[in-house]
1. In region 447-462, which residues are farther than 16 Å from Leu632 by Cα and either part of a loop (DSSP other than H, G, I, E, B) or touching a His at 6+ places or on another chain (Cβ under 6 Å) (or both)?
2. For residues that are closer than 22 Å to Ile89 by Cα and either touching a strand residue (DSSP E or B) at 6+ places or on another chain (Cβ under 9 Å) or not assigned by TED's automatic domain parsing to the domain that holds Val252 (or both), tally how many sit in region 298-318.
3. Which of the residues spanning region 422-446 are touching a Phe, Trp or Tyr at 6+ places or on another chain (Cβ under 8 Å), within 22 Å of Val512 (Cα to Cα) and not in a helix (DSSP H, G or I)?
4. Would you point out the residue of region 484-528, among those that are acidic (Asp, Glu), surrounded by fewer than 21 Cβ atoms within 10 Å (Cβ to Cβ) and at pLDDT 95 or above, that is nearest to Val576 (Cα to Cα)?
5. Within region 275-321, restricting attention to residues that are among the hydroxyl-bearing types (Ser, Thr, Tyr) and touching a residue at least 24 places away in the same chain (Cβ under 8 Å), which residue is surrounded by the most Cβ atoms within 10 Å (Cβ to Cβ)?
6. For region 57-102, what are the residues that are surrounded by fewer than 24 Cβ atoms within 10 Å (Cβ to Cβ), of a type in the set (S, T, N, Q), closer than 24 Å to Ala249 by Cβ and touching a strand residue (DSSP E or B) at 6+ places or on another chain (Cβ under 9 Å)?
7. Of the numbered conditions (1) of a type outside the set (A, V, I, L, M); (2) within 17 Å of the chain's Cα centre (by Cα); (3) modelled with pLDDT of 95 or more; (4) over 18 Å from Phe6 (Cβ atoms), Thr265 fails exactly one; give the number of that condition.
8. How about region 63-74: which of its residues are touching a residue at least 60 places away in the same chain (Cβ under 8 Å) and among the small types (Gly, Ala, Ser)?
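The values are calculated or read from the model by the stated rules, or taken from the named source; none is laboratory data. Keep in mind that what you see is a predicted model, and the values were worked out from it rather than measured. When we count neighbours, we look across all protein chains shown, and the Cβ atoms used for this are built from the backbone with ideal geometry, even at glycine.
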Amino acid sequence: MRDPLFEPIKINNLELKNRIYLPAMHMGMAVDFQVTDQLVDFYAERAKGGAGMIVVGNATVDEVSGFFQYIGAHSDAFIPGLTRLANAIKDNGAKAAVQLNHAGRYSHSALMGGKKPVAPTALASNLTREVPEELDIKGIKAIVESFAQAALRVKKCGYDAVEVLSGTGYLISEFLSPVTNKREDEYGGSFENRMRFGIEVMTAIRKALGPDFPLIVRMDNNDFMEGGMRHGELGQYAVRLVEECGVNALCVKGSWHEARVPQLTSNVPRGTYAYLARNIKNLVNVPVIASHRINDPHIARELIQDGYCDMVAMARSLIADPYLPEKARTGRENEIIHCIGCAQGCFDNLFKLQAVECLCNPMAGHERERAILKTDTQKKIMVVGGGAAGMSAALAAFDKGHAVSLYEKSDRLGGQLFLAALPPGREEFAELAKDLSTQISLRKIPVHLNTEVNAAVLDQEKPDAVILATGAKPLKPPIPGVDLPHVVQAWDVLSDRVSTGTNVVVIGGGAVGVETALFLSEKGTLPGEALKFLMVNRAESFETLYDLATRGSKNVTIIEMMGKVGAGIGKSTKWVMMQDMARNRISVKVGTKALEITEKSVKIQTDDRVDEILADTVVIAAGAVPVNELALLLKEKDIPCMTAGDARQIALAFDAVHQGHEAGRTI
């Protein structure tokens with residue numbers, strides 16, 4: 001029986017070897033619009049991994065369509081780099097395309113040397129807060145021609161296809177939407193007029209490319225903006241693109257950047273947004289590609305089999321594991337490292353104007369400089385601690401050629417990854433624990449569970465070097481009453497090792513405090529299966545179902561001394577968690593100090609005011625401290641030692657994986 005994921009498919013006259021489509025991602029790796037070695041290495045690795053089509057970009061079409069970290073396609077000066085990138089992809093077995101885009105009002109003058117962004121109407125976005133210049137007819141026509149010339153340039157560079165981004169809140173979608181298009185000329189008002197710009201862009205590109213060159217459009221089928229575009233009109237637009245403009249495939253997604261519906265974070269169920277592709281697939285006779293949170297071949301295969309789409313877009317999935325396609329093709333799906341939707345290395349980096357990296361794959365974006373070279377001198381390495389840092393260190397040290405053994409004092413590998421997986425919507429962290437553990441098993445690295453390393457173990461094993469990844473332990477703050485029986489640690493709450501009352505006060509509003517509060521606020525809410533049953537049977541109104549899904553059985557309050565909560569949570573996921581906290585009615589008191597814990601309350605101080613909050617249970621989420629006492633013993637025994645993860649300094653899971661990898665790679 002043939003695997004539908006690996007059936008060939010044609011886009012126009014271009015045959016792809018499989019249905020796995022790596023969509024364009026802003027990587028932050030270009031320098032002054034020029035392709036870099038970093039970009040070439042990154043995409044060459046994904047081509048080797050077996051993707052059918054790789055789309056790079058998005059790429060600029062003029063000087064105000066993006067900024068210096070974007071790939072440039074608006075000048076012949078960029079042809080050599082674009083050509084080198086095309087060759088790197090094609091020479092390694094994948095088809096190559098470039099996505100063209102104009103960011104419109106999402107551009108920012110500060111990143112474009114003072115040049116003003118442009119848009120259909122002079123309305124600021126919620127991202128930049130900057131009012132763009134309103135395009136006149138001459139400017140519109142110039143951009144249409146710029147798209148056509150950029151597409152022609154891409155074709156000359158040897159790419160197999162051109163994709164155009166017509167969504168996400170960028171310029172073409174700004175013309176489409178009544179939210180951002182308030183024009184009264186032939187480009188505004190009616191939907192027919194608002195479609196005009198997008199239709200003109202695709203028509204001009206098709207004319208420039210000729211009839212046989214594949215043209216793909218990546219589009220929204222719901223922008224999730226209040227007053228924005230939904231399936232009906234966007235479906236009409238899709239039909240027009242295919243029938244009038246000669247578009248050969250549609251890559252369908254949802255949401256603008258400023259919409260308040262999560263798209264890519266870990267709380268989005270896998271494959272949820274494939275329904276947007278199916279709506280379009282039912283209207284057109286060209287291949288349709290589904291997008292968002294498709295991180296596993298099994299769900300990708302199901303979406304194709306069940307008629308949602310013809311292909312699947314797997315973006316961050318192939319950052320996390322470039323060899324996902326080849327592993328799936330050869331029956332090794334258990335070896336895949338899955339994207340967990342954490343955004344710690346990808347989107348969070350972009351907000352800091354840094355190149356994309358990956359929590360799950362410390363090699364991503366560092367394919368050349370972090371390549372592991374085999375050692376000429378094998379050493380006996382003990383890795384102490386089987387969490388994210390320890391497993392990452394053990395894998396890198398083994399791949400370098402050392403004799404590695406891994407020691408973990410509990411009964412399983414994974415450490416705090418399992419703790420991180422317990423709050424609602426964070427279950428994917430347990431997937432990473434499983435994936436790393438599988439990699440340990442595949443390499444047959446000896447694992448010693450339920451083993452605490454001490455002087456006797458060291459004397460018996462006689463390691464040449466030790467990597468300490470012993471993690472952290474929760475901090476107990478010096479608050480009067482902290483030792484009362486109803487005061488518990490957040491880690492114990494998340495692990496369900498303690499019970500909590502109706503009125504719960506969480507002391508500490510950092511990442512762990514927020515996650516614990518969300519975990520508690522879900523207690524008593526109706527699960528998804530029950531909600532679906534009630535919905536399809538029309539047993540309750542939407543308002544009642546919403547209340548059942550968001551109103552739990554506990555009253556949860558967070559106390560935080562700083563001026564805001566969520567320190568340590570990445571920008572990409574923080575807004576989602578803050579939105580969930582408000583939705584679940586979690587009370588937040590910032591600039592507030594816990595003065596004393598009593599048997600029935602917590603006494604607090606906000607500015608000069610002292611108050612009291614009822615509390616059946618008080619949860620301490622006041623941070624953690626490294627556990628690295630073994631370092632002193634190793635120093636006494638003169639055993640070389642490196643430290644990684646929380647044992648070194650309290651940080652993110654991203655830091656643990658990367659530090660562990662670096663320790664193992666360099667030891």
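1. Leu449, Asn450, Thr451, Lys462, listed by residue number.
2. Residues meeting the conditions: 7.
3. Within region 422-446, the first condition is being touching a Phe, Trp or Tyr at 6+ places or on another chain (Cβ under 8 Å), and the residues that meet it are 422-424, 429-430, 433, 443, 445.
Subset that is within 22 Å of Val512 (Cα to Cα): 422-424, 429-430, 433.
Of everything in region 422-446, those that are touching a Phe, Trp or Tyr at 6+ places or on another chain (Cβ under 8 Å), within 22 Å of Val512 (Cα to Cα) and not in a helix (DSSP H, G or I) turn out to be Leu422, Pro423, Pro424.
4. Only one residue tops the list, namely Glu522.
5. From region 275-321, those among the hydroxyl-bearing types (Ser, Thr, Tyr) are 275, 291, 308, 317; that's our starting set.
Then keep just the ones that are touching a residue at least 24 places away in the same chain (Cβ under 8 Å); that gives 275, 291, 308.
Working: Tyr275: 16, Ser291: 28, Tyr308: 21.
Checked region 275-321; the qualifying residue surrounded by the most Cβ atoms within 10 Å (Cβ to Cβ) is Ser291.
6. Listed by number, the list holds a single entry, Asn87.
7. (3)
8. Start the filter on region 63-74 by keeping residues that are touching a residue at least 60 places away in the same chain (Cβ under 8 Å), which leaves 65, 69, 73-74.
Scanning region 63-74 gives Ser65, Ala73.
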